[in-house]
1. Quick one: with all protein chains in place, what share of the accessible area of the stretch 1-99 is carbon or sulfur, to the nearest percent (1.4 Å probe)?
2. How big is the antiparallel share of DSSP beta bridges in the stretch 1-93, given as a percent to the nearest 5?
3. Suppose only helical runs count, i.e. DSSP H with n ≥ 4. What mean residue ellipticity at 222 nm does that imply for the chain under -39500 (n - 2.57) per run, divided by all residues and rounded to the nearest 500 deg cm²/dmol?
4. Between helix 77-90 and the chain, what is the angle of the helix's C-alpha long axis to the longest principal axis, kept within 0 to 90° and rounded to the nearest 10?
5. Could you sort the peptides 42-52, 19-29, 80-90 by per-residue average Cβ neighbour count (10 Å cutoff), highest mean leading?
6. Hey, can you find the accessible area per residue of the chain for me, probe 1.4 Å, expressed in square angstrom?
Amino acid sequence: MSRELTITVLAINEPKSGNNLSLHKVMDNRLAKFASEMQSELDVLLEGEQDCDDLVVWISYTSNYAIRWKIVNDVPTQIEKIVYDLCAKLGYIIWKGSIISVKRNS
């Protein structure tokens, strides 16, 4: 019986304060769209992957509205690399304190 990798990309919305609630709503909607698109891309890139059961990635905004990401569960190195490469291509930055150990080839 083959197992299938379950991929979950969650948009983490930060608590809102201040006068820009409409901007926060727009940015939260964009983040949810980016999470959905990233999950679709990872579904294609990791199709048939059997070395892992689950991949959970969080994405959020920094205070400057850059998108940051991190893997929040243990996954094999080859899956970390695929996520790292996709996020680099999309211009997303690693979330500080991230558990990822992939190094960029220079």
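1. 50
2. Here the share of antiparallel DSSP bridges comes out near 40 percent.
3. Helix contribution divided over all residues of the chain: -12500 deg cm²/dmol.
4. 40
5. So the order, starting with the most tightly packed, is 80-90, 42-52, 19-29.
6. 65
The values are calculated or read from the model by the stated rules, or taken from the named source; none is laboratory data. Computed from a predicted structure; not experimentally measured. For neighbour counting, all protein chains shown are included, and Cβ atoms are generated from backbone atoms with ideal geometry for every residue, glycine included. All accessible areas refer to the heavy atoms of the entire protein, side chains included, with ligands and DNA or RNA removed. Shrake-Rupley method; radii C 1.70, N 1.55, O 1.52, S 1.80 Å.
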